[in-house]
Amino acid sequence: MNKEAFRRASRNVWEKMAGGWDANRDYIWETSKPVGEWLVAKLEPQKGETLLELAAGMGDTGFVAADLIGAQGRLISSDFAPAMVDGARRRADELGITNADFRVMNAENMDLDSESVDGVICRWGYMLMGDPGAALKETRRVLKPGGRLGLSVFATPEQNPWAAVPVRALVEGGFMEAPAPGSPGILALGDRERLESLLTEAGFTELLVDEVPLTFRHRDFEGYWQFLTEVAGAIAALIESLPSGEQSAAKKTIATAVSPFQTENEIALPGVTLNVLAR
C-alpha cells in the first residue's frame, strides 16, 4: 500500500474509532494521565503562547496546556479525522475552554505558517503516520526558534503487552499477517535509536527522552474486548472485518493470550511510552 492509500485507510479507521474514543474518553485520559502530564510539564506552557496539538483525539492533553497559556494564549487542537475534531470541540465546550481553535489537519503537510507556534504536543500520533519523518520536519517548520516539541510513542513490544499480546495472538492464529518492519502502527517507533534519528534528521538538536510506565486496567476480559473493538485503531478495524465466526475465534484466541494478566479483580496489562522533549 502506498503512503496516500495508507493515509486514506487510516483516516477511515480513526473516523470509525471516534465514537469509541468519545464514549471511553474518561478511561483513556485516566490511563494516559502520566503520559499527558509529563508532556505538559516538560513543555512548560507560558501565558500568551500559541500551542499546537497534533493527533489530538478528544483533546484532553492539549486542554491541560490550554489552562496554562491563559485567555491571551491559543491552542490549536488538530486531528486528521474530522470526527475526532468534532469530539474534541464538544469536550472543550463541556469544560468551558474558550482559547482553543479546532482544525482538521494532516501532520505531514500542515496548513500553518512557518515559525508560527511556540510549542507542539503529540501524544501517540507520530507512530501511526505514514511518514513520521515528514511529520517531524513539518513540526520543526511550524515551530518558532526555540520552540518545543513534546511527544509520546509506545516503546518496544516487550514493554507493551497491552498491544503486543493481542497482535501476536492474531498473527499466530492466522487472522492477520505480521506487520512489516518499520510500518506504521502502535509500536512502530519503539526503537529509541530510530526515534532519535528521525528527530535529529528533522532538525531537532536537544532531546530529553524518558520512559513513562502506565497500565491498561479492565474489569474483566469483556471490558478489555470492548476496548480492543471500540478504541484500538487498526486492531479494532481488523476484528470488525472478520466474518462473525472468525471474530468469535479471534476473541477466544486473545482471551487465552491475555489470561496471564488476569486476576480475580481485573485484567491489568502494562505498557511503557517513550516521552520526548525536543528543541
Efficiency of FRET from Cβ geometry, Leu208 and Tyr27, R₀ 25 Å, rounded to 0.05: 0.30
- prompt: Tell me, what ³J(HN,Hα) does each residue in segment 213-222 have, in order and in whole Hz, if you take phi through Karplus 6.51 cos²θ - 1.76 cosθ + 1.60 with θ = phi - 60° and put x for Gly and Pro?
  reply: x, 8, 9, 8, 9, 9, 5, 6, 5, 4
- prompt: In what sequence, highest mean first, do 92-101, 175-184 appear when ranked by Cβ atoms within 10 angstrom?
  reply: 92-101, 175-184
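Please label the shape of segment 206-248 as rounded, prolate or oblate, based on the square roots a ≥ b ≥ c of the eigenvalues of the alpha-carbon gyration tensor (a/c under 1.5 means rounded; beyond that, a/b larger than b/c means prolate, else oblate).
oblate
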Principal axes of the chain: Cα extent on each, largest first, Å: 54, 39, 32
task: Starting from the coordinates of the alpha-carbon atoms of segment 219-279, obtain the Kirkwood hydrodynamic radius over all distinct pairs and give the value in Å to one decimal.
output: 13.2 Å
message: Once R0 is set to 51 Å, what does the formula 1/(1 + (r/R0)^6) return for the Cβ-Cβ distance between Thr215 and Ser114, expressed as a FRET efficiency to the nearest 0.05?
response: 0.80
- prompt: Compactness ratio of segment 19-165: Cα Rg over 2.2 N^0.38 Å, N = residue count?
  reply: 0.99
query: Among Ala66, Ala169, Ala188, whose mean-square fluctuation peaks in a Gaussian network model of the chain (Cα, cutoff 10 Å)?
result: Ala169
statement: Here, Gln72 and Thr98, labelled 7 Å along Cα→Cβ, have an inter-label distance in nm of 1.7 nm
- prompt: Measuring from centroid to centroid over Cα atoms, what is the spacing of segment 147-190 and segment 108-137 in Å?
  reply: 20 Å
query: Hey, in the GNM for the chain with a 10 angstrom Cα cutoff, which one of Asp60, Asp79, Asp26 fluctuates hardest?
result: Asp26
message: With a 10 Å cut-off between alpha carbons and a GNM built on the chain, which of Trp225, Trp21, Trp162 moves the most?
response: Trp225
- prompt: Nearest 0.05, what FRET efficiency do Ala9 and Lys47 give at R0 = 35 Å with Cβ-Cβ as r?
  reply: 0.30
- request: Kindly provide the GluC sites (Glu not before Pro) of segment 207-279 that DSSP labels as loop, not H, G, I, E or B, and whose Cβ sees at most 11 other Cβ atoms within 10 Å.
  value: Glu264
query: Given the rule -39500 (n - 2.57) for each run of at least 4 DSSP H residues, summed and divided by the residues of the chain, what is its mean residue ellipticity at 222 nm, to the nearest 500 deg cm²/dmol?
result: -15000 deg cm²/dmol
- request: Measure out, as a whole number of angstrom, how far apart the alpha-carbon centroids of segment 1-59 and segment 64-102 sit.
  value: 12 Å
Per residue Cα convex hull volume in Å³ - calculated over segment 95-182: 158 Å³
task: Compute the convex hull volume of the Cα atoms of segment 5-75, divide it by the residue count, and report the result per residue in Å³ as a whole number.
output: 103 Å³
- prompt: What nm distance separates the two modelled labels at Thr229 and Asp191, each placed 7 Å from Cα along Cα→Cβ?
  reply: 3.5 nm
message: Can you compute the label reach from Leu242? Point 7 Å from Cα along the Cβ direction, backbone N cut-off under 12 Å, restricted to segment 177-198.
response: 177
field: Angle in degrees between helix 3-23 and the longest Cα principal axis of the chain, rounded to the nearest 10
entry: 80 degrees
message: Distance between the C-alpha centers of segment 194-218 and segment 222-279? Whole Å please.
response: 23 Å
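Every number in this text was worked out from the coordinates using simple rules, so none of it is lab data. Since we're looking at a predicted model, the values are computed, not measured. Neighbour counts run over all protein chains shown; Cβ positions are idealised from the backbone, glycine included.
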